[in-house]
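First the structure, in the form of structure tokens, and then the observations on it.
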Amino acid sequence: MPLRQWQEVQALPRTARLKSIHVVAGVIRDVRGRILLARRTQGRDLAGRWEFPGGKVEAGETPEQALQRELQEELGIDAMVGAPIIAVPQHAPKALVLDVYEIKSYRHAPRGLDGQALAWVPPGKLAQYPMPPADGPVVAALLQPDRVLITPEPEDAGRWLQSLQAAVVCHDLRRVQLRAPIFAAAHPDAWRALAGRASAWLRAQGVDAWINGDAELARELDIGLHLRASQLASTHAEWTGLRLAASCHSTAELDAATALACAFAFLGPVNKTRSHPGITGIGWEAFREMRAHVPAIPVYALGGLGMEDAAIARRHGAQGIAAIRAFWSD
């Protein structure tokens with residue numbers, strides 16, 4: 001691990017997670033697929049913002065038991081708690097972990113028993129409701145892809161394009177980063193043509209496409225620009241109007257990605273990777289602490305991961321995983 005990154009990991013406030021308030025929330029859906037939000041009442045922190053219903057875990061309770069109790073007390077419903085969705089760690093403005101679960105079923109109609117307003121919201125409109133920072137990644141977890149393919153360097157353009165198409169279909173990919181820095185530097189015209197063919201096919205499949213590092217090409221292809229960590233040090237005018245994402249390896253870089261209103265970020269490497277020999281992964285604990293620094297932006301875990309790691313990634317606050325070899329086969 002590079003010295004700068006090692007120093008930052010060592011300086012992370014690891015005690016913050018131990019002192020965090022454990023909060024649970026449920027994603028409750030009606031027969032039309034709308035999701036229930038509750039508005040925070042006056043006198044509470046962040047009054048007036050909308051949130052997924054729930055509350056604090058009390059001593060001796062499991063998260064599922066706490067969520068059942070809170071939903072009974074706040075909404076008057078008997079809920080059956082389903083699968084976990086995401087656990088969002090947050091350091092500020094208050095240290096907490098927001099543990100979110102699907103509600104499989106419930107009895108009785110929800111009512112605001114604490115005087116809180118309720119709203120049934122179509123999933124696509126959730127982002128229109130102002131929420132506390134920790135609820136933002138929950139919306140992203142519900143709406144955005146949980147896996148991202150990062151393409152490897154092409155050796156044969158035709159075979160590379162076929163492998164890309166096979167990966168998208170086989171792994172049901174909805175987000176792809178087109179990345180080939182060595183090939184692009186050596187064969188810029190060939191890469192422009194290949195990226196053009198790839199992005200056109202991805203668009204036709206409804207896949208969210210991004211290009212790595214090249215603002216001019218992103219604009220030409222009308223796709224997102226994924227910034228390298230080295231590009232975060234300064235803002236460039238040519239980024240104006242482009243959708244941005246970023247690769248990050250530190251909280252400072254996550255701050256920069258947030259300031260640029262990036263749609264998402266990559267953070268890692270979590271584990272050792274074949275593509276970066278000699279670099280030790282930061283591990284899941286450090287990932288969670290760094291992710292807690294910027295709760296409002298979706299963050300994908302990166303580095304030596306496969307879909308078998310998706311559940312643990314979500315439990316550490318990740319939107320999902322980003323990978324090359326987990327999804328690509330020649």
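The values are calculated or read from the model by the stated rules, or taken from the named source; none is laboratory data. Please read these numbers as outputs of a predicted model, since none were measured by experiment. Glycine also receives a Cβ, built like all others from the backbone with ideal geometry; neighbour counts cover every protein chain displayed.
Descriptive notes on the structure:
- Scoring Arg219 on the criteria (1) modelled with pLDDT under 95; (2) part of a helix (DSSP H, G or I); (3) not aromatic (Phe, Trp, Tyr) leaves a single failure, condition (1).
- Options Ala195, Ala185; residue that is in a helix (DSSP H, G or I) and buried (at least 20 other Cβ atoms within 10 Å of the Cβ): Ala195
- Candidates Leu3, Leu18, Leu12 - the one that is at pLDDT below 95, within 30 Å of Ile282 (Cα to Cα) and under 21 Å from the mean Cα position of the chain (by Cα): Leu12
- Among the residues of region 237-246, the one identified as farther than 16 Å from Phe264 by Cβ and surrounded by 10 or more Cβ atoms within 10 Å (Cβ to Cβ) is Glu238.
- Taking residues in region 271-293 that are assigned by TED's automatic domain parsing to the domain that holds His316, and partners anywhere that are modelled with pLDDT of 85 or more and acidic (Asp, Glu), the pairs with Cβ atoms closer than 8 Å and at least 6 places apart or on different chains are His293/Asp255.
- Among (1) among the β-branched types (Val, Ile, Thr); (2) in contact with a helix residue (DSSP H, G or I) (Cβ under 8 Å, 6 or more places away or on another chain); (3) surrounded by fewer than 24 Cβ atoms within 10 Å (Cβ to Cβ); (4) within 21 Å of Ala95 (Cβ to Cβ) - the single one Val299 does not satisfy: (3)
- Scanning region 35-49 for residues that are among the aliphatic types (A, V, I, L, M) and assigned to a strand (DSSP E or B) returns Ile35, Leu36, Leu37, Ala38.
- Selection status of Pro137, within 22 Å of the chain's Cα centre (by Cα) and either part of a helix (DSSP H, G or I) or surrounded by 14 or more Cβ atoms within 10 Å (Cβ to Cβ) (or both): yes
- Any hit, region 72-84, residues being outside any strand (DSSP E or B), farther than 17 Å from Leu37 by Cβ and of a type in the set (A, V, I, L, M, F, W, C): no
- Every condition in (1) assigned to a loop (DSSP other than H, G, I, E, B); (2) more than 20 Å from the chain's Cα centre (by Cα); (3) on the phi < 0 side of the Ramachandran plot; (4) of a type in the set (A, V, I, L, M, F, W, C) is met by Ile103 except one, and the failing one is (1).
- Summed over region 82-116, the residues that are out of contact with any Ser or Thr (no Cβ under 7 Å at 6 or more places or on another chain), within 25 Å of Ala301 (Cβ to Cβ) and among the hydrophobic types (A, V, I, L, M, F, W, C) give a count of 8.
- Any chance Leu194 is outside the structural domain of Tyr101 (by TED's automatic domain parsing) and under 25 Å from the mean Cα position of the chain (by Cα): no
- Meets criteria (without any contact (Cβ under 8 Å) to a residue 24 or more places away in the chain and either closer than 19 Å to Ile35 by Cβ or surrounded by fewer than 19 Cβ atoms within 10 Å (Cβ to Cβ) (or both)) for Arg107: no
- Condition check for Trp191: under 23 Å from Leu302 (Cβ atoms) and either among the charged types (D, E, K, R) or touching a helix residue (DSSP H, G or I) at 6+ places or on another chain (Cβ under 8 Å) (or both): yes
- Among the residues of region 240-251, not a single one is in a helix (DSSP H, G or I) and free of Cβ contacts under 8 Å to residues at least 60 places away in the same chain.
- Residue within region 200-210 that is without any contact (Cβ under 8 Å) to a residue 24 or more places away in the chain, assigned to a helix (DSSP H, G or I) and among the charged types (D, E, K, R) present: yes
So that you can scan it fast, the table gives a plain yes or no per residue for (1) in contact (Cβ under 8 Å) with a residue 12 or more places away in the chain; (2) surrounded by fewer than 20 Cβ atoms within 10 Å (Cβ to Cβ):
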| residue | (1), (2) |
| --- | --- |
| Gly43 | no, yes |
| Gly55 | yes, yes |
| Thr62 | no, yes |
| Ile77 | yes, no |
| Ala83 | yes, yes |
| Pro93 | yes, yes |
| Ala117 | yes, yes |
| Leu126 | yes, no |
